[in-house]
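This report concerns only the one structure given below.
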Amino acid sequence: MYIIVVGGGKVGYYLTKTLLVEGHEVLLIERDRQKVEVFSERLGSVVLAGDGAEASTLSAAGAQRADVVIAVTGEDEDNLVVCQMSKVKFHVPRAIARVNNPRNELLFQRLGIDVTVSQTEHILKLIEQKIPEKSFVHLLNLRHDELTIVEAHVSGDSKVANKRVSEVEFPVHCVIAAIIRGPDPVMALPSTEILPGDELIIVTHAAEEEMLQAMLSQ
Amino acid sequence: MNVVVMGSGRVGARVATILDQHGHRVCVVDTNPDSFRRLGDSFGGDTLIGTGIDEDVLRRAGIEDADVFIAVTNGDNRNIMAAQVARTVFEIGHVILRIYDPVREDTYRRLGLHTVCPTTTISAMIIDQINDFLPAYEEI
């Protein structure tokens, strides 16, 4: 795949490095010429000096034949315009934008950006996972947010505790992917008994997440 | 008419002042409070410190009741993003923005935004003036 990365901050630099190791053809666009020199020394001739929002730079980068453009500068407005220019003017099939203000995620999606990545949101979710007293944690969104993976802690007085999986009436589109018991994952067979202290890893329709949370938090 | 102007530079402040004199309700938004001095003492509208790409700032500037939104900061991308927030999120019918880069201006005009590109406009005016006092210019 040919991937253009715009923005040579820490994210852009390490992203470029990783994508190169994975065997992709990558070009990193960065405005600051000093950074371009340093990155060229480290990564080889895969760095282009220029403004990624400018059509001439994108054209010089060969955006016409790019499979993906990833905009990861520290400014949301720049990431938005880089992605829109790539899509509208160069017909790049997939544009990915880093979103610094998590509230812009939805807006960017409405404005035609294929994928948005919000670091702030990710870090918040990671922190949530590490807070032990939280009994129900949203882990991950799958497939354009229609499916989600959640983790639920089973307390002693939970109404699912000491019941077999087949005896619990979960919402229709919930699948227990695994039960974490102590250090080990356990298969969730219909006959498996759910014990206090278990962590249930559940794949669910996003629409049923709240229902599931209400049920498991009781 | 209610107008929100983002960017209190020479152009933003001038547009805001003129609209204010014509009796319109104007709110000017800029990240730099010093820039509001360009509005002059007689300016009767509101000012708000903040960036127009933030929905909350726009809301506080009264965008929900605005008839017109004008984005004239120095940053093309900031104007482009703010204009799209105004159009898409707040459904403002009249959104006008400045884009210095002619290529970007052309792209977003085709996407239906009301753009003004000083680079092409001023270049054309200068060429016209040269043509006026140098009639032979075109033949060279």
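The numbers here are math on the coordinates, done by the rules we state, and not lab data. Since we're looking at a predicted model, the values are computed, not measured. Ideal geometry is used to build each Cβ from the backbone, glycine not excepted, and the neighbour counts take in all protein chains shown.
Okay, here's what the table says:
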read-out	value
Tensor-based shape of the range A:36-81 (alpha-carbon gyration tensor, a/c under 1.5 rounded, otherwise prolate or oblate)	oblate
Separation between Cα centres of the range B:12-37 and the range A:147-218, rounded to whole Å	58
Size-normalised alpha-carbon gyration radius of the range B:2-139, reference 2.2 N^0.38 Å	1.16
Residues with amide H under 5 Å from that of B:A61, placed H, sequence gap 5 or more	none
Calculated [θ] (222 nm, deg cm²/dmol) that DSSP helices of n ≥ 4 give over chain B, each run adding -39,500 (n - 2.57)	-11000 deg cm²/dmol
Shape parameters for the range A:93-218, alpha-carbon atoms, Rg then Dmax in Å	16.6, 51
Rg followed by Dmax, in Å, when the protein assembly as shown is reduced to its Cα trace	26.6, 96
Taking only Cα atoms of the range B:17-95, radius of gyration then Dmax in Å	12.1, 35
Loop-resident sites, the range A:89-182, for trypsin sites (Lys or Arg not before Pro), counting at most 16 other Cβ within 10 Å (DSSP)	A:R103, A:K134, A:R143, A:K159
Sites matching chymotrypsin sites (Phe, Trp or Tyr not before Pro) across the range B:35-138 that sit in DSSP coil, with at most 15 neighbouring C-beta atoms within 10 Å	B:Y100
Note, ³J(HN,Hα) from phi for the range A:28-44, Karplus 6.51, -1.76, 1.60, rounded to Hz, x at Gly and Pro	9, 9, 9, 6, 6, 5, 4, 4, 4, 4, 4, 5, 5, 4, 7, 9, x
For chain B: relative contact order, % (alpha-carbon pairs under 8 angstrom, 6 or more apart)	20
Cα centroid of the range B:96-129 to Cα centroid of the range A:58-100, whole Å	22
Loop GluC sites (Glu not before Pro), the range A:1-77 (other Cβ atoms within 10 Å of the site Cβ: 16 or fewer; DSSP)	A:E22
Acute angle (nearest 10 degrees) that the helix A:119-130 long axis makes with the longest principal axis of chain A, alpha-carbon atoms	20
Mean separation of Cα contacts under 8 Å (6+ apart) over length of chain A, as relative contact order %	13
Cα pair distances in the range A:2-118, grouped into 5 Å bins until the bin that holds the longest one, percent each	2, 13, 26, 25, 20, 10, 3, 0
Folded to 0 to 90 degrees: helix B:118-133 orientation relative to chain B principal axis, Cα	30
Most positive-pole-ward Cα, A:S59, A:I29, A:F39, against dipole of the range A:1-64 from beta carbon charges	A:F39
Ranked B:L97, A:L189, criterion: other C-beta atoms within 10 Å, fewest first	A:L189, B:L97
